[in-house]
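Nothing in this text is a laboratory measurement; each read-out follows from the coordinates by a stated rule. These figures come from a predicted structure and were not determined experimentally. Note that we place each Cβ from the backbone using ideal geometry, even for glycine, and neighbour counts take in every protein chain shown.
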Amino acid sequence: MLKTNKYKLENIFQYSTYIVLALIFIIFTIGSDKFLTLKNMYTTIFNGGPLILITCAVTFALLVGIIDLSVGAMGYVSGCLAGVLIKNFDTPIALAFLAGIALATFIGWVNSLFIVKFKMNSMLVTMGMMLIIRAIAKIITDDKTISLFSLSFLRQAKIKAIGGFPILLLVVLFIVMISNIVLKRTSFGRKLLAVGSNEAVAKNIGINTDRIKSSALILSGAISGIAGCFWIVTLGSVVVTGLMSYEFLAIAAAVLGGTSLLGGRGSFYPGSFLGALILLFIASGMAIRGISPYAIPFVRGVIIFIAMYVDSLRYKAMMNS
């Protein structure tokens, strides 16, 4: 009887993300006929591309038990650098994007140096890095909004061969799927989960745990950099408050999708991807219903608390199984 109850509990947690997303669709569809439309679905996911990517970035870190609070700032500084290079120095767009991604990847490596090599507390390191990065980004942009009209063609670029599917959205889905394949189908992915589950045991069976954790943080930086480039394309400008608090939203989205804050458990698809969609469609539904935009951060804060509580319940269920 006890085993049956545990099995039922595990099933509930396994499908909880789908259940929550379905409830969101039902509630907001009843409230407005504008919510469940192809245009709203597309717009919400397209504009939410940066959050989806940053959620993927933070998932890599969470899988090895590291909470990276600098992912939003890494995306921000990546977008700022790319935007300044394009606007002020007439740098080719591809080269500017590569520079932004390279900067975020470098910051991810610096994080790994402090956390893995010098054994410093990950939350304190990444929180300090977040503050430093945002200050640097403000210096780069002179704390001013930068308009990037030259990127409008990227927002509108579509692939006719697959029904006019937007190229940028395809890039987001491609990164999500590749990340999930790496996790589920490669030895590196298995090592990520092993290190996150029990670092001491992973080390005893011959896994270079420091290298795996460093790689996870570097990947986190690289994907955050891509998110930053995506952000300035979708927005068409660089704004001083860009991607603010996205690190917390991304962590909440990952946890809602089943990724553990303690490491060793999670997925990019459907996990983190659906977790991000939950947050995006809640904000979209509230906006369509005309609810005050000031209420959205409050609701997101409540969701973060709920996500943390659900994660603790998952952990207890796993320990008792």
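The alpha carbon centroids of the stretch 162-190 and the stretch 212-257 are separated by 16 Å. Annotation note: trypsin sites (Lys or Arg not before Pro) in the stretch 199-254 located in DSSP loop regions with a Cβ neighbour count of at most 10 within 10 Å are absent. Over all distinct Cα-Cα pairs of the stretch 194-245, the Kirkwood formula returns a hydrodynamic radius of 13.4 Å.
If neighbour count is taken as other Cβ atoms inside 10 Å, put Tyr42, Tyr76, Tyr246 in order from fewest to most. Each step should come with its number before you reach the end.
Numbers: Tyr42 13, Tyr76 33, Tyr246 25.
Going from least to most buried by this count: Tyr42, Tyr246, Tyr76.
Pairs of Cα atoms nearer than 8 Å and 6+ residues apart set the relative contact order; for the stretch 104-191 it is 10 percent. By the count of neighbouring beta-carbon atoms within 10 Å, fewest first, Phe114, Phe165 end up ordered Phe165, Phe114.
The H on the amide N of Phe165, modeled in the peptide plane, is under 5 Å from the matching H of Ile159, each at least 5 residues off or on a different chain.
Of all aspartates and glutamates in the structure, the ones whose alpha carbon falls short of 20 Å from that of Lys213, not counting any fewer than 8 places away in one chain, are Asp68, Glu199, Glu247. Between amide H atoms placed 1.01 Å from N, distances below 5 Å from Ser237 occur with Leu148, all of them 5 or more places distant or on a separate chain.
Regarding the stretch 1-159, what whole-number volume in Å³ per residue does the convex hull of its Cα atoms give? Show your work: numbers first, answer last.
On the way: hull volume 30.7 nm³, N = 159.
Residue-normalised Cα hull volume stands at 193 Å³.
Per-residue 3J(HN,Hα) values for the stretch 213-224, derived from phi via the Karplus relation 6.51 cos²θ - 1.76 cosθ + 1.60 with θ = phi - 60°, read 5, 5, 4, 5, 6, 5, 5, 4, x, 4, 5, 4 Hz in sequence order (x marks Gly and Pro).
When the helices of the chain are scored as -39500 (n - 2.57) per DSSP H run of n ≥ 4 and the total is divided over every residue, the value at 222 nm lands at -24500 deg cm²/dmol.
Can you pick out the pairs among Lys117/Lys138; Lys39/Lys144; Lys119/Lys316; Lys117/Lys316; Lys87/Lys144; Lys87/Lys160 whose Cα atoms lie more than 23 Å from each other?
In this structure, Lys117/Lys138; Lys39/Lys144; Lys119/Lys316; Lys117/Lys316; Lys87/Lys160 lie more than 23 Å apart at Cα.
Contact order for the chain, expressed relative to its length and based on alpha carbon pairs under 8 Å spaced 6+ residues apart, stands at 33 percent. Each residue in Val233, Val64, Val58 was given a count of other beta-carbon atoms within 10 angstrom of its own, and listing them fewest first yields Val233, Val64, Val58. At the listed q of 0.07, 0.13 Å⁻¹, the Debye profile of the chain, built from one uniform point per Cα, gives log10 I(q)/I(0) equal to -0.28, -0.97.
For the stretch 269-299, applying the loop criterion from DSSP together with a ceiling of 10 other beta carbons within 10 Å to the chymotrypsin sites (Phe, Trp or Tyr not before Pro) yields Tyr294.
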